Structures are given as C-alpha cells and as structure tokens.
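These notes concern the structure reproduced below.
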Amino acid sequence: LFVASLVHFPVGPTSVHLIMNGLAGIILGKRAFVSVLVALTLQAIFFQHGGISVIGVNSLNMGIPALLAWQVFERRRGFGYPRREIVFGAVAGAVAVLGAVLLLSAELLLLGEGFSEIATLVLMAHIPIVIIEAAVLGTTAGYLDKVKPEMLVPAKAGQIRGA
C-alpha cells in the first residue's frame, strides 16, 4: 500500500498508480482503514505525495473500499471449490480499486460540471489498474493460502500475526 501508491504515471490532468487497498483489506480486515490513514499521512509528510489537506478524503476513498474488499474476500468461506482464494482475491482487488475510483469520480462530479470530463478520464485511466490489481491480489491470495494461510484469517483483538 505504502510503496505501491508512491509510483504513479501521469495521464492528462490526473495520474494513475497501484493502490493495493484490497491487499490491506484481506490481510488486515477491519484494521485496514487505520493502515490506509497511517500510510497516507506518512506519504504526505515524508514524500509530499497526496498532501496533508486531502488526507481525510483520500483515507475515505481508499479505506472504505479496503473494508469492502475484506468483506468480499470473507465471502469465500461459503464456497468449497479449490482456488477460491484466487477468485475471491481477484474480485476483492477489483472491487477495492473500482470503489476508490468511483468515490473519487463522484467527488469530482460534485465539484461541478467543469470536472465531469476529468471524472470520466480518471475512471477510464484506472481500468488497467483494476485488471492489474485483480491479477496481483488473486495471485497473492492464492500464494498466501498455500504458504501462510493464517494471514488470510482475521486476527483477534490483541493478537499479533506471525507470533
């Protein structure tokens, strides 16, 4: 989350970058929102990426979809087919990015008619990111299920993973 979103590519008046909020969601569960807030704050302070004045809205844009991705991924428990972690991980990754981009686009549209073209551009520019993150998160979830499945089970309060 922290490193992936530092690398961005300009596309017209906007830029695209990996978000990886879905990964935060499936590993951290309900703690994902706090991790997003901390990551964005550190990026703003140390790298001047994003900015202090938009930490709140960016946290909502990335944190809410991370929680949604967690909920999507947790639905895998009701299915008994092999590779369900890969499928639900991919769906969770796509949902997280789409959620973030849809929130951003909605905010731009609320700013007025002059931002409708930018909102459309932001949405279209992130389509490849949706596909990439779905593939990465699906692959990562499948890998973690094989080598460290406890990372895909929500930790109990006060429990430290890997301890």
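The values are calculated or read from the model by the stated rules, or taken from the named source; none is laboratory data. Owing to the predicted nature of the structure, the values given are computational and were not obtained by experimental measurement. As a convention, Cβ positions derive from the backbone with ideal geometry for all residues, glycine included, and neighbour counts pool all protein chains shown.
Details
- Filtered by the rule that a residue be of a type outside the set (A, V, I, L, M, F, W, C) and under 21 Å from residue 20 (Cα atoms), the stretch 108-132 gives 126, 128.
- So residue 85, is it charged (D, E, K, R), out of contact with any Asp or Glu (no Cβ under 8 Å at 6 or more places or on another chain) and crowded, with 16+ Cβ neighbours inside 10 Å: no
- Among the residues of the stretch 68-124, the ones that are free of Cβ contacts under 8 Å to residues at least 12 places away in the same chain, over 28 Å from residue 54 (Cβ atoms) and hydrophobic (A, V, I, L, M, F, W, C) come to 1 in all.
- Flag if residue 25 is of a type in the set (Gly, Ala, Ser) and over 19 Å from residue 145 (Cα atoms): no
- Every residue from the stretch 49-63 that is under 23 Å from residue 28 (Cα atoms), among the hydrophobic types (A, V, I, L, M, F, W, C) and surrounded by fewer than 18 Cβ atoms within 10 Å (Cβ to Cβ): 55, 57, 60
Okay, residues lined up against (1) out of contact with any Leu (no Cβ under 8 Å at 6 or more places or on another chain); (2) under 18 Å from residue 24 (Cβ atoms):
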| residue | (1), (2) |
| --- | --- |
| 96 | no, yes |
| 110 | yes, no |
| 116 | no, no |
| 121 | yes, no |
| 124 | yes, no |
| 127 | yes, no |
| 132 | no, yes |
| 145 | no, yes |
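- Scanning the stretch 1-48 for residues that are surrounded by fewer than 14 Cβ atoms within 10 Å (Cβ to Cβ), in contact with a strand residue (DSSP E or B) (Cβ under 7 Å, 6 or more places away or on another chain) and under 17 Å from residue 127 (Cβ atoms) yields 8, 9, 15.
- In this entry, residue 92 is excluded by the filter for residues that are modelled with pLDDT under 95 and within 15 Å of the chain's Cα centre (by Cα).
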